[in-house]
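A short write-up of the structure that comes next.
The values are calculated or read from the model by the stated rules, or taken from the named source; none is laboratory data. All values reported here derive from a predicted model rather than from experimental measurement. Note that we place each Cβ from the backbone using ideal geometry, even for glycine, and neighbour counts take in every protein chain shown.
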Amino acid sequence: MRGKFFYFLFFFCNIPIHLAVVNPPYGQLQVQGTYLTNSSGIPIQLQGISLYFSMWQPQYYNQNVLVSLKNQWNSNVVRAAMGLTNGGYVDNPEYNYGLVKAVIEGAINLGMYVIVDWHITYNVSYTPQAITFFSNISKTYGSYPHIIYEIWNEPTVTWDVIVNYANQVIPVIRANDPNNIIVVGTADGSGGPWFPPSQKLNYNNIMYTLHIYPDVFGGGSQEQVRTKATTAMSNGIPIFVTEYGTGSVWPNETLEVDEMAP
């Protein structure tokens, strides 16, 4: 995760978490061609907020915050960005799993989608831990249509390495959850799925990550990346933007406010 961070102070009464299921707005999501669609096959768009690394901002990993995101920010999805090192899941699995669990159950209670994000950047995937984590998550919550799996946030390895990792993690998820969307990170820190269509993964309901920031548009200008994305989709590669920022990855840079327009 990149960019500047804006801190908001939330004042709430305590809201107890009970798993009272509220259906998400579009039902069971699916991938039809290159589109994310609702349960009837009609293309839809999710909009919401990504939380920051779980171990560094745990105060936002609760249902109280999700209530605000849904009711005041009109979010229909939230991303639980579970960090791995520096106090994250690899160092403290029980604590970080509990934080993600609170967000998942809050989203189910409120009828929101939730992206369960293995939030690691660079060239280390922690594959054994990922297998354990996604096995547990899919066993526990895979029957709920609210769940979206993001199995590697920002890999900085080649596509063949990502494919090898995905082919170990995805079957573990699919053994418990045959339907929910799985988002697969792409090379260059999820700079986009710029691989040949013949190299797509052979699983159902898979999408590929593109992270967009004004000064790191997948290794090119904004227009170049838009052209690449259009080409990828015309080749049958579905794209899911799980991070989108209007600010530079560097401090004290100008916001690209024009990029906020739909």
Does Gly185 qualify as being at pLDDT below 95 and under 18 Å from the mean Cα position of the chain (by Cα)?
no
Is there a residue being more than 23 Å from Arg174 (Cβ to Cβ), of a type in the set (A, V, I, L, M) and in contact with a Leu (Cβ under 8 Å, 6 or more places away or on another chain) anywhere in the range 83-94?
yes
How many residues are crowded, with 21+ Cβ neighbours inside 10 Å, of a type outside the set (Asp, Glu) and either within 20 Å of Asn179 (Cα to Cα) or at pLDDT below 95 (or both) if we restrict to the range 154-164?
1
With Ile104, Ile115 as the choices, which residue is touching a residue at least 40 places away in the same chain (Cβ under 8 Å), of a type in the set (A, V, I, L, M) and in contact with a helix residue (DSSP H, G or I) (Cβ under 9 Å, 6 or more places away or on another chain)?
Ile104
Residue by residue through the range 51-74, note down the ones that are surrounded by fewer than 20 Cβ atoms within 10 Å (Cβ to Cβ) and among the small types (Gly, Ala, Ser).
Ser68
Given the conditions (1) modelled with pLDDT of 95 or more; (2) touching a strand residue (DSSP E or B) at 6+ places or on another chain (Cβ under 6 Å); (3) part of a loop (DSSP other than H, G, I, E, B), which single one is not true for Ile104?
(3)
May I ask you to list the residues in the range 40-50 that are of a type in the set (Ser, Thr, Tyr) and either in contact with a Pro (Cβ under 6 Å, 6 or more places away or on another chain) or loosely packed, with under 14 Cβ neighbours inside 10 Å (or both)?
Ser40
Considering only the range 227-244, I want to know if a residue exists there that is of a type in the set (Phe, Trp, Tyr), under 23 Å from Tyr122 (Cβ atoms) and modelled with pLDDT under 95.
yes
Among (1) without any contact (Cβ under 8 Å) to a residue 12 or more places away in the chain; (2) under 21 Å from Ala107 (Cβ atoms); (3) not aliphatic (A, V, I, L, M), the one test that Ser198 misses
(2)
Ser54 closer than 24 Å to Val157 by Cβ, assigned to a loop (DSSP other than H, G, I, E, B) and within 17 Å of the chain's Cα centre (by Cα)
yes
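Residue-wise test of (1) buried (at least 20 other Cβ atoms within 10 Å of the Cβ); (2) of a type outside the set (D, E, K, R); (3) assigned to a helix (DSSP H, G or I).
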residue: Val183; (1), (2), (3): yes, yes, no
residue: Ser198; (1), (2), (3): no, yes, yes
residue: Tyr208; (1), (2), (3): yes, yes, no
residue: Lys228; (1), (2), (3): yes, no, yes
All positions within the range 88-112 that are more than 12 Å from Met55 (Cα to Cα) and surrounded by 17 or more Cβ atoms within 10 Å (Cβ to Cβ)
Lys101, Ala102, Val103, Ile104, Glu105, Gly106, Ala107, Ile108, Asn109, Leu110, Met112
Give the residue that is surrounded by the fewest Cβ atoms within 10 Å (Cβ to Cβ), with candidates limited to residues of the range 186-196 that are in contact with a Pro (Cβ under 9 Å, 6 or more places away or on another chain) and in a loop (DSSP other than H, G, I, E, B).
Thr186
